[in-house]
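Notes for the one structure printed next.
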Amino acid sequence: MAKCDVCGKDENMPYNCRHCGGTYCADHRLPENHDCSGLQNWNDPQGVFDSGFDDSANSGNSASRASRVADKIPVNTGTGGPLAYFRGNMTYTFLALMWLTFGAQIAVGAIFGSELMRTLFVLRPYYPEYVWTWFTSIFAHGGLYHIAGNSIVIFFFGPLVERYVGSRKFAILFLVSGALAGLSQIGIQILETATVTPFTSGVVGASGAALAILGVLTILNPGLKVYLYFILPVPIWLLTAGYAFISVFFLSVGGGGNIAHMAHLVGLAIGLAYGQYVKQNRNVSAPSKLEFGGGGPGGPGGPGGRRRF
């Protein structure tokens, strides 16, 4: 039994929209009947999904152009191919890049030494002009537990945000929030440290982006139920408030180990601000619960901390 997200009707056999993730009754199951957020991706002035049989109907839209480019790639990216999960899905693409980067960190460090690894992947206060590290540091991580924690959050919550805002805007949110979170962390290190040296710790990790994702969902639906440690159901606003409190506390009193609390706070603030923008301009809301087999932010109960490295 579930309630329709539009009319609140109880349904024994509800429909789950694969485009926006919502739950609907028979009267509102069609995308055009529940103001589906996925309609924005179809360039259809009447707001109706094309059947998919007439290629000319979408000849001018960006999705079709992307499909034509993908068709030229000598790898099967179709629904049955090995890259099917990455087709039009930036969440899984970023997850793959995170794990590939983590493997590259290990390989480069083992073969060429830690200094080259840090130059390529670690955003350091002594070298802020290494612009590539603004972004490579988002995908690099400080250990297996670190990357696993961030991966759990992005895997469960990333697709929800991507459905609402679209893949392109989701990618921009992820990269901008991740980069600004890292830059804010090294900025506060520069202010707090009398002398910054090449050996001063830098930052790695996608938790700034992960907390931005949580921030967006907190604004769209603060009552969304998530499972802390896969066991304890809590509203997402409480989880978000907990991270904000912890970050502010350690920034105020110092300490906190090797966790980059300023990066957490900035990523969360960006997500909250962007979530408010989306809500005001598109009038959308998140579903009342997750439909991932009872999953939630999982593992450690939330994002693996963006690490000083």
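The values are calculated or read from the model by the stated rules, or taken from the named source; none is laboratory data. Not measured: the values here are computed from a predicted model. Backbone-built Cβ (ideal geometry, glycine too); neighbour counts: all protein chains shown.
Considering region 22-33 alone, what residues qualify as being surrounded by fewer than 20 Cβ atoms within 10 Å (Cβ to Cβ) and in a loop (DSSP other than H, G, I, E, B)? Passing the criteria: 29, 30.
Consider residue 309 carefully, then state whether it is modelled with pLDDT under 65 and touching a Leu at 6+ places or on another chain (Cβ under 9 Å). Yes.
Taking region 198-213 on its own, how many of its residues are touching a strand residue (DSSP E or B) at 6+ places or on another chain (Cβ under 9 Å), crowded, with 24+ Cβ neighbours inside 10 Å and more than 10 Å from residue 178 (Cβ to Cβ)? Break it down stepwise before answering.
Here is the first cut: in region 198-213, the ones touching a strand residue (DSSP E or B) at 6+ places or on another chain (Cβ under 9 Å) are 201-205, 207.
Going one step further and asking which of them are crowded, with 24+ Cβ neighbours inside 10 Å, we end up with 202-205, 207.
Filter once more, so that each one left must be more than 10 Å from residue 178 (Cβ to Cβ): 202-204.
Number satisfying all stated conditions: 3.
Can you find a residue that is loosely packed, with under 12 Cβ neighbours inside 10 Å and modelled with pLDDT of 95 or more anywhere in region 61-84? Within region 61-84, not a single residue is loosely packed, with under 12 Cβ neighbours inside 10 Å and modelled with pLDDT of 95 or more. Please indicate, with yes or no, whether at least one residue in region 180-197 is assigned to a helix (DSSP H, G or I), surrounded by 15 or more Cβ atoms within 10 Å (Cβ to Cβ) and in contact with a Cys (Cβ under 8 Å, 6 or more places away or on another chain). No: region 180-197 contains no residue that is assigned to a helix (DSSP H, G or I), surrounded by 15 or more Cβ atoms within 10 Å (Cβ to Cβ) and in contact with a Cys (Cβ under 8 Å, 6 or more places away or on another chain). Do we find a residue being modelled with pLDDT of 85 or more, more than 27 Å from residue 8 (Cβ to Cβ), of a type in the set (Ser, Thr, Tyr) and not in a loop (DSSP other than H, G, I, E, B) anywhere in region 241-249? No: zero hits. The residues on offer are 199, 155, and the sole one that is of a type outside the set (A, V, I, L, M) and either in contact with a helix residue (DSSP H, G or I) (Cβ under 7 Å, 6 or more places away or on another chain) or not assigned by TED's automatic domain parsing to the domain that holds residue 100 (or both) is 155. Residues in region 11-34 that are modelled with pLDDT of 75 or more and of a type outside the set (Ser, Thr, Tyr): 17, 22, 25, 26, 27, 28, 29, 30, 31, 32, 33, 34. Being over 14 Å from residue 264 (Cβ atoms), assigned by TED's automatic domain parsing to the domain that holds residue 117, assigned to a helix (DSSP H, G or I) and not aliphatic (A, V, I, L, M) is a property that residue 135 has.
Condition first: aromatic (Phe, Trp, Tyr), surrounded by 14 or more Cβ atoms within 10 Å (Cβ to Cβ) and more than 15 Å from residue 188 (Cβ to Cβ). Now tell me which residues in region 227-274 satisfy that. Quick ask: steps written out before the conclusion?
Kept after step one, since they are aromatic (Phe, Trp, Tyr), are these residues of region 227-274: 227, 229-230, 237, 243, 245, 249-250, 274.
Now restrict to residues that are surrounded by 14 or more Cβ atoms within 10 Å (Cβ to Cβ): 227, 230, 237, 243, 250, 274.
Passing the criteria: 227, 230, 237, 243, 274.
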